[in-house]
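The values are calculated or read from the model by the stated rules, or taken from the named source; none is laboratory data. This one's a predicted model, so the numbers in the text were calculated from it and none came from an experiment. Positions of Cβ are generated from backbone atoms using ideal geometry, with glycine treated the same way; all protein chains shown enter the neighbour counts.
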């Protein structure tokens, strides 16, 4: 389903839509549940028949034949129970897997802005804890509700054929109980949503605390981190206590009802026996049926708790799936194809938040194959400008075109296929060196990966690692040095071989010798390609065809190194400052 489909459908309709692909398993589960309920209903009735007719009439052969049939029926019931447990849970797992896949795919469609606003731990909570609750509801919910209703309704029908007055007492008490259960469910549902929100917060705090553990230790701030964790943990405990308070009230009501139901049957049944309007066999049969009520009533109680938890998770899932991505392909978006690399930035302005502009009327025209260096003070808008080219964000006004095509009118996939980005903040996956490099082009051969590693000046380092290209890099590349991580990310781009390159402080983590070597390779790679180099070290951009100085979201000046030095403006001042500090 699309985002619009999720917006149009109710939460319950969304839930049922995941049953359809696995409806055969669902109906098998329901059929076995029905057989279990019918078996439970038949046993008290068979017992009554035996006590009324077979035993008083000394029809022992028929009695034991019936008992053998009962044993066979309970054997089949055990088989049905196995099917319900195994295949029912399999059905729930399949539903959960489908929901998780849709959720993860939708998260991939969401724009950078969404992840800027939401914490990773909270999103992880939706992919794990919430989905577990939804799975339990998908499997046990319909099954428990179905078994309970069949057993209760079936038992009432039988009881009315035995003694309608006593059955009427039971029939009056059960609806009262169900109304109370429904009322208590509301409180549990509200408390469950609060627990899920607090769980998401504490998961986010844990993820943040573990990711920043090295920083916390480096600053000796373990106590401060523990204090932050304890605050969120206390909030979680409070919400959990409220949920268990609601659950305790619910269970107390249920236990009270079960006791009152049994007591009412004995009291009214005893009164009818005293008036010779009922016999002991019928009262025993009633008691057996009341016993059969206990399991479905407990299932209803579990269903209420399950529904509260599962539906709260389902609502959070639906809310996320209804979230529109900030950036979408246009309905008539076309494939960009392989581009030459001409880039036109036409009077572009941009703001992350309304009223807080980062770029102001930037106008820039880059020929295919030209190398553009973007320099200037931090916060001036250098990285923002380069993030607009691959359409990580949409311009507020103006347009960006590649080979004359507006980036908003082509598919994002084809756009990103033509642009390679080496970011300042390197991210490596918890996998081997080989797979991290091949991420640049998943269908690359081993020889191509090795060639990319050599171009990025990382090959020798890899061969010195314990397992060579199969060496594990650790979580976020923690087992590698900063320079090694940066060079592996550069190797990805060599492998991808795009016509447009964006190097966002790509050599910032490298030593001077390695940086010089890679700079030579970058110069070779940039030939015939459009390259944007964001740099603070001006010595690395002297050979660029054009240098832009961006300050306060505007292009302050532009030209070659020699031209800008000759003007003795902002660039020359920055260059002299760096040379003085280096000296």
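Quick notes on this structure:
- Selection within the range 265-282 - within 29 Å of residue 251 (Cα to Cα) and free of Cβ contacts under 8 Å to residues at least 40 places away in the same chain: 266, 267, 270
- Set 26, 43: member being farther than 20 Å from residue 287 by Cα and in a helix (DSSP H, G or I): 26
- On inspection, residue 489 does not qualify as under 15 Å from residue 435 (Cα atoms), at pLDDT 85 or above, under 31 Å from the mean Cα position of the chain (by Cα) and surrounded by 15 or more Cβ atoms within 10 Å (Cβ to Cβ).
- Conditions (1) under 37 Å from the mean Cα position of the chain (by Cα); (2) part of a strand (DSSP E or B); (3) surrounded by 15 or more Cβ atoms within 10 Å (Cβ to Cβ); number of the one not met by residue 380: (2)
- When residues of the range 430-457 are limited to those that are modelled with pLDDT under 85 and touching a helix residue (DSSP H, G or I) at 6+ places or on another chain (Cβ under 6 Å), the one surrounded by the fewest Cβ atoms within 10 Å (Cβ to Cβ): 430
- Just one of the listed residues (282, 326, 344) is touching a helix residue (DSSP H, G or I) at 6+ places or on another chain (Cβ under 6 Å) and closer than 30 Å to residue 383 by Cβ, namely 326.
- Restricting 333, 351 to residues that are assigned by TED's automatic domain parsing to the domain that holds residue 572, crowded, with 16+ Cβ neighbours inside 10 Å, within 30 Å of residue 123 (Cβ to Cβ) and touching a strand residue (DSSP E or B) at 6+ places or on another chain (Cβ under 9 Å) narrows the list to 351.
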